[in-house]
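*Asks:* Handing you a structure now.
Taken together, the values in this text are just the output of simple stated rules run on the coordinates, not laboratory data. Because the structure is predicted, anything quoted here is derived from the model rather than measured. Here the Cβ positions follow ideal geometry from the backbone for every residue, glycine too, while neighbour counts run over all protein chains shown.
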Amino acid sequence: MQTIDLSHVIRTGMPVFPGDETPNVRRTHFINKHGFAQTALDLTSHAGTHVDAAAHLFADAPGLDWLGPDNFTGWGAVVDLTALSAPVIGQADLAHLADVEGLDFALLRTGWDKHWGTERYYRDFPALDETGARFLGGLGLKGVGLDTPSPDPVDSRELPAHRILFDHGLVIVENLTRLGDLPAESFLFCCLPLRIADGEASPCRAVGIAL
């Protein structure tokens with residue numbers, strides 16, 4: 001069994017979505033002074049590798065504290081999209097997922113995580129079009145994960161891919177990394193968020209477990 005870390009490190013000044021507050025990770029207590037170490041975290045719920053729940057867009061959707069661990073664990077498959085000729089992911093790019101039995105999470109590997117930490121990361125990244133989002137929504141999945149900032153383009157205001165996926169009961173995992181280290185299919189995927197009251201999103205430690 002091999003556990004593969006799919007999460008970016010949370011640190012002060014890390015990249016954030018345009019308009020979000022920059023995280024600050026601050027040591028408040030020190031072993032040599034206080035006898036123990038303690039850290040204060042100042043960050044938004046969408047910082048780094050994180051899970052979006054439907055409450056992100058829908059006021060009547062349950063918060064993270066109402067969603068059980070089963071919503072964030074299951075069998076995964078990686079879709080290799082590194083050869084995309086355009087920054088649009090449509091149904092045709094995902095069609096083979098219909099043949100994967102027992103699939104819970106579709107992880108879309110675009111290779112965009114190579115730009116993490118640069119200004120380009122939040123510009124012109126591959127995103128789902130509505131055909132791709134509807135196709136994924138119709139597969140009976142628990143969630144979709146991406147190695148990009150969002151399933152929608154950075155300048156999208158209506159967020160159609162988010163809405164379609166949420167309408168089908170999926171969670172969305174954003175800012176994944178190292179998807180190329182996973183097998184194509186038949187691995188366990190876990191993206192457990194913090195149990196935040198009425199939370200719409202949370203940083204998570206996403207991992208893939210190759211059995």
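*Asks:* Could you work out how much longer the chain between M1 and D20 gets when fully extended? Use 0.36 nm per residue separation minus the Cα distance between them, nm to one decimal.
*Replies:* Extra length from M1 to D20 when fully extended: 3.1 nm.
*Asks:* Let me have the relative contact order for region 1-100, percent, based on Cα pairs under 8 Å that are six or more residues apart.
*Replies:* 16
*Asks:* Between N32 and T118, 0.36 nm times their residue separation minus their Cα-Cα distance comes to what?
*Replies:* 27.4 nm
*Asks:* Ignoring the sites themselves, what is the longest stretch of the chain with no GluC sites (Glu not before Pro) in a DSSP loop and at most 13 other beta-carbon atoms within 10 Å?
*Replies:* 22-100
*Asks:* Right, here's the next one. Quick one: compute the contact order of the chain, relative version, from alpha carbon pairs under 8 angstrom and 6+ residues apart, as a percent.
*Replies:* 32
*Asks:* Under a point-charge model restricted to the Cβ atoms of Lys and Arg (+1) and Asp and Glu (-1), what is the dipole moment magnitude of the chain relative to its Cα centre, in debye to the nearest 20?
*Replies:* So the magnitude is around 880 debye.
*Asks:* Treating only the Cβ of Lys, Arg, Asp and Glu as charged (+1, +1, -1, -1), what charge dipole size does region 1-59 show about its Cα centre? Round to the nearest 20 debye.
*Replies:* Here the size comes out at about 360 debye.
*Asks:* How big is the charge dipole of region 119-211 about its Cα centre, in debye rounded to the nearest 20, if each Lys and Arg gets +1 on its Cβ and each Asp and Glu gets -1 on its Cβ?
*Replies:* My answer is approximately 300 debye.
*Asks:* Rounded to the nearest 0.05, what FRET efficiency do A210 and R11 give with R0 = 22 Å and r taken as the Cβ-Cβ distance? Could you check?
*Replies:* 0.20
*Asks:* If you average the C-alpha positions of region 123-169 and of region 180-211 separately, how far apart do those two centres end up, in angstrom?
*Replies:* Each part's Cα centre sits 17 Å from the other's.
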